[in-house]
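K.L.:
Sharing a structure below in structure tokens format, with a few things to ask.
The values are calculated or read from the model by the stated rules, or taken from the named source; none is laboratory data. Owing to the predicted nature of the structure, the values given are computational and were not obtained by experimental measurement. Counting neighbours? That spans all protein chains shown, and the Cβs are built from the backbone with ideal geometry, glycine included.
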Amino acid sequence: MIAYLRGNLLEKNANTVIIETGGVGYEVWIPLSTFYDIGDVGTEAELRIHTHVREDAIQLFGFKSENEKAIFLLLTSVQGIGPRSAIAMLSGMNADEFAAAVRANDLARLTAIPGIGRKTAERLVIELRDKLSNIGIAATSAAAGGTSSGSAFDDALSALVNLGYQRSAAEKALDKAAAEGTEQNVQKLLRRSLQILAK
């Protein structure tokens, strides 16, 4: 099983990256927090990996921190939550925020994430509250690098839709973020839009 990858970052999208190592390009699904931290195309990247094997596919899920990977594995242990849903949850809020919301029984915060209904949020709290207390959550600051481009708005919109937000709601949040003077790069637009959508 692949547990760690280090290599050249060939491609970077809000939901996936391709890392080339030893002449092989690995497609890895990532949460937005990892997207913010991973660096730019052409630089060296390293990720902790979870290899998910299904009958019809092998998928890789990558994380910059051990805490994120640990929470991802806890999420996928909850009935009804698959790896793609877990990635979407970790994109809706970072590992620290998610742990705090579960510990505080903050159902409103959890149900703000696309695809999380009240029953699922309640199940998360019941099943994960005690387990999350065993994980040392360290505050991580997301370094927002990245280059600004004219397509930043479209890329951010595509990422939000892929995370499960309604297109109209995503567009409104992005418009608001842009109107506030948020720098026009994908990372900063996404981060501010997610904050707006979570309110």
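K.L.:
Name the helices (runs of 4 or more DSSP H) wholly within the stretch 1-108 that hold at least 3 residues that are over 16 Å from the mean Cα position of the chain (by Cα)?
P.N.:
It comes to 95-103.
K.L.:
Look at the stretch 114-162 and say how many of its residues are in contact with a Gly (Cβ under 7 Å, 6 or more places away or on another chain), surrounded by 14 or more Cβ atoms within 10 Å (Cβ to Cβ) and at pLDDT below 80.
P.N.:
2
K.L.:
What pairs come out if I take residues in the stretch 145-169 that are closer than 19 Å to Q184 by Cα and of a type in the set (D, E) and pair them with residues that are surrounded by 15 or more Cβ atoms within 10 Å (Cβ to Cβ) and modelled with pLDDT of 80 or more whose C-beta lies under 9 Å away, six or more apart or interchain?
P.N.:
Cβ pairs passing all conditions: D155/N13; D155/A14; D155/L189; D155/L190.
K.L.:
If you don't mind, another one. Provide a single number: the residues in the stretch 48-88 that are closer than 19 Å to Q187 by Cβ and either in contact with a Pro (Cβ under 8 Å, 6 or more places away or on another chain) or surrounded by fewer than 20 Cβ atoms within 10 Å (Cβ to Cβ) (or both).
P.N.:
Of the residues in that region, 5 qualify.
K.L.:
Here's a check for you: in the stretch 109-118, which residue that is under 18 Å from L74 (Cβ atoms) and assigned to a helix (DSSP H, G or I) is nearest to the chain's Cα centre (by Cα)?
P.N.:
Applying the filter and picking the extreme gives L110.
K.L.:
Just need a number here: residues in the stretch 27-47 that are surrounded by fewer than 19 Cβ atoms within 10 Å (Cβ to Cβ) and either free of Cβ contacts under 8 Å to residues at least 24 places away in the same chain or touching an Asp or Glu at 6+ places or on another chain (Cβ under 9 Å) (or both).
P.N.:
Matching residues across the stretch 27-47 total 2.
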